1. Out of region 63-83, which residues are more than 20 Å from residue 120 (Cα to Cα), surrounded by fewer than 13 Cβ atoms within 10 Å (Cβ to Cβ) and free of Cβ contacts under 8 Å to residues at least 40 places away in the same chain?
Amino acid sequence: MMTQNGQHSPLMSYFQQQQTPAGWFDLLTIMIDNMVRNVGQTDSQPFLRQMGEALAERFPLPDSETVGELEANINALLRQFNWGFIDLEASESGLLLRQQGLPLGRDDDRQGWCHAFCAILEGLYARWLQAQGGGAHVTVQRERLFSHTDVQFRYHNSQRV
């Protein structure tokens, strides 16, 4: 049996059980869902990014000399969080961050959970990259949603036109 994302349902169920422990994840989901319902998706984004920034401060990355080392350091922390893994690809216009294996929401609003979680990741990655020497004007933004568990972000200079 295949899901819309082309992945096996039993496999997705397994990962969901590993990444979203009953109780804590349910409480987190309720908190985020109610916040988004109360203030709206757009107004909740800055707060969620701040939560990602705070998480980055609590779990700082070691200094990285290369993109490969940066990727390995980020993946080591993502493994601790059980949040999948990331592939980094440097280009002249910025850095692509492809996050795969994101925790999947349990209810029918998987897209809402994905949007909220992506905002948290934007803050997390932005703060980690700033701590590696990046400027505050260089931002992380979600660029492409391959599925609810596979998202690409772009780290780029937001002041360039």
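The values are calculated or read from the model by the stated rules, or taken from the named source; none is laboratory data. Since we're looking at a predicted model, the values are computed, not measured. Note that each Cβ is placed from the backbone with ideal geometry, even for glycine, and that neighbours are counted across all protein chains shown. Ligands, DNA and RNA are stripped out before the accessible areas are found, and what is left, the full protein with its side chains, is counted by its heavy atoms. Shrake-Rupley method; radii C 1.70, N 1.55, O 1.52, S 1.80 Å.
1. Within region 63-83, 65, 66, 67, 68 qualify.
Residue-wise test of (1) open to solvent by 50 Å² or more (accessible area, probe 1.4 Å); (2) of a type outside the set (Lys, Arg); (3) at pLDDT 90 or above; (4) in contact with a Gly (Cβ under 7 Å, 6 or more places away or on another chain).
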residue: 19; (1), (2), (3), (4): no, yes, no, no
residue: 58; (1), (2), (3), (4): yes, no, yes, no
residue: 61; (1), (2), (3), (4): no, yes, yes, no
residue: 86; (1), (2), (3), (4): no, yes, yes, no
